[in-house]
Amino acid sequence: MRCVNIFILLVLIWGSLLSSCFSHEEQPSVADFEVMDFTLSMKITTNLETLLNESSDDLRAIISDEVERADESSYLDLEINATKDLLLRGWSFLNVDFFFRANQERLQLQLENLLIELDGDGKSVAIFVTAEIPEGSEYLTFGWSQKFGDLFIRDLGESEGLYSGYLSKGETSPKIPLKVGERSSRVAQFFSYMLSGIYHIVPIGFDHILFIIGLYLVSSHLRSLIFQVSLFTFAHTITLGLASFEIINVSSAIVEPIIAASIIYIGLENYFEKERNNYRSVVIFAFGLLHGLGFAGVLSSLELLNQGILVPLLAFNIGVEIGQILVLIFCFMSFGFWFRKKAWYHSRVVRPISSVLVLTGLFWLVERLI
């Protein structure tokens with residue numbers, strides 16, 4: 001019995017840390033590049049707040065001085081032209097975190113232009129850079145500091161088999177051959193998107209993880225659990241596809257609070273009900289549609305429609321399902337296998353974990369509504 005109490009304590013601690021540290025699913029930055037006559041041209045689109053908040057101490061010192069002179073509360077309150085000037089003056093400090101190489105030689109990035117725009121998450125910045133590639137170079141590799149988040153890289157050239165790949169925080173791209181005939185295969189691209197789908201469940205899809213745990217808690221039979229997860233999968237596949245093809249478009253300001261509410265609901269139902277209700281399938285399907293819209297935000301941010309959406313959509317969705325299966329395996333190995341058939345399973349396992357779901361969902365709901 002002591003091991004059960006220790007396990008519940010660990011779950012409660014994990015839940016409190018989870019609610020205080022994580023909420024929104026990060027949107028990746030996008031780097032589009034093209035190589036012509038050993039000249040690299042690249043456009044990097046990213047969130048301005050993340051870029052400057054995580055920049056070097058030297059650049060943050062420039063930002064602080066500018067904000068103080070302008071008598072503003074933060075750099076985001078500065079005019080776009082003033083913010084652009086900050087980046088232009090701080091480029092030498094900023095680009096040290098860009099790890100772009102030809103063979104093993106680091107490329108010297110030349111800043112050509114900056115465009116700053118307002119979007120739903122504040123300000124985004126498009127950074128246009130060029131670099132000369134040493135003659136005789138056989139391949140390129142791309143990456144940047146993990147503090148800037150995920151980076152999606154794609155080659156916008158006109159030949160076949162162009163590279164595209166999703167790089168998780170701090171990850172470096174594989175070698176991208178400069179010879180056209182040796183460009184990335186579709187199989188490699190498929191696995192890149194599939195790994196991205198897994199990554200957006202495990203480890204960063206915290207709200208989706210909690211929902212899957214909620215489904216697991218009161219599914220006493222394997223057949224029931226498989227049906228619920230399959231229904232959830234089918235539902236979010238529908239909206240993921242519709243949103244990716246731009247047939248529907250729902251703001252994240254609406255979707256994210258409802259996803260938080262779905263975690264609250266599933267936690268409350270688990271707390272008060274020992275068996276699955278007949279109407280729960282309808283609820284799971286409805287919430288699955290909403291979670292699909294949450295995933296769609298990742299793919300839509302990559303603007304893949306003109307690049308061919310079917311392969312990324314299929315691969316990403318397969319990765320999401322693999323991630324969900326990993327969560328179910330974790331549930332089974334950590335408490336399902338040991339405790340499910342105990343008479344006290346609901347009171348000592350389901351209720352404490354469901355309380356964590358409810359409290360975390362409430363925290364996220366309030367945060368996302370403010």
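All of the numbers you see were taken from the coordinates with simple rules; none came from a lab. Computed from a prediction, not measured in an experiment: that's the story for all the values here. As a convention, Cβ positions derive from the backbone with ideal geometry for all residues, glycine included, and neighbour counts pool all protein chains shown.
Among Val96, Val350, Val255, sorting on how many other beta-carbon atoms sit within 10 Å of each Cβ, with the fewest leading, yields Val96, Val255, Val350.
Peptides 317-328, 77-88 ordered by packing proxy, namely the average of other Cβ atoms within 10 Å per residue, highest first: 317-328, 77-88. If you take every residue apart from Asn81 with its C-beta less than 15 Å away from the C-beta of Asn81, what net charge results, scoring Lys and Arg +1 and Asp and Glu -1? Neighbourhood net charge equals -2.
Computed 3J(HN,Hα) for segment 188-200, one whole-Hz value per residue from the Karplus formula 6.51 cos²θ - 1.76 cosθ + 1.60 where θ = phi - 60°, is 5, 5, 4, 5, 5, 5, 5, 4, 5, x, 4, 4, 7, glycine and proline marked x. Taking other Cβ atoms within 10 Å as a rough exposure proxy, Tyr166, Tyr271 sort from fewest to most as Tyr271, Tyr166. Listed by Cβ neighbour count within 10 Å, with the fewest neighbours leading, Asp207, Asp97 appear as Asp97, Asp207.
Cross-link reach is defined here as a Cα-Cα straight distance under 22 Å, omitting same-chain residues fewer than 8 places apart; for Lys175 the lysines meeting it are Lys43.
Applying both filters, DSSP loop and at most 15 other Cβ atoms within 10 Å, to the chymotrypsin sites (Phe, Trp or Tyr not before Pro) of segment 316-365 gives Trp344. For the cross-link pairs Lys169/Lys342; Lys84/Lys147; Lys84/Lys169; Lys169/Lys341, the ones whose C-alpha atoms lie over 31 Å apart are Lys169/Lys342; Lys169/Lys341.
Taking amide H as placed 1.01 Å from N in the peptide plane, the amide H of Lys123 sits under 5 Å from that of Leu48, Glu49, each at least 5 places away or on another chain.
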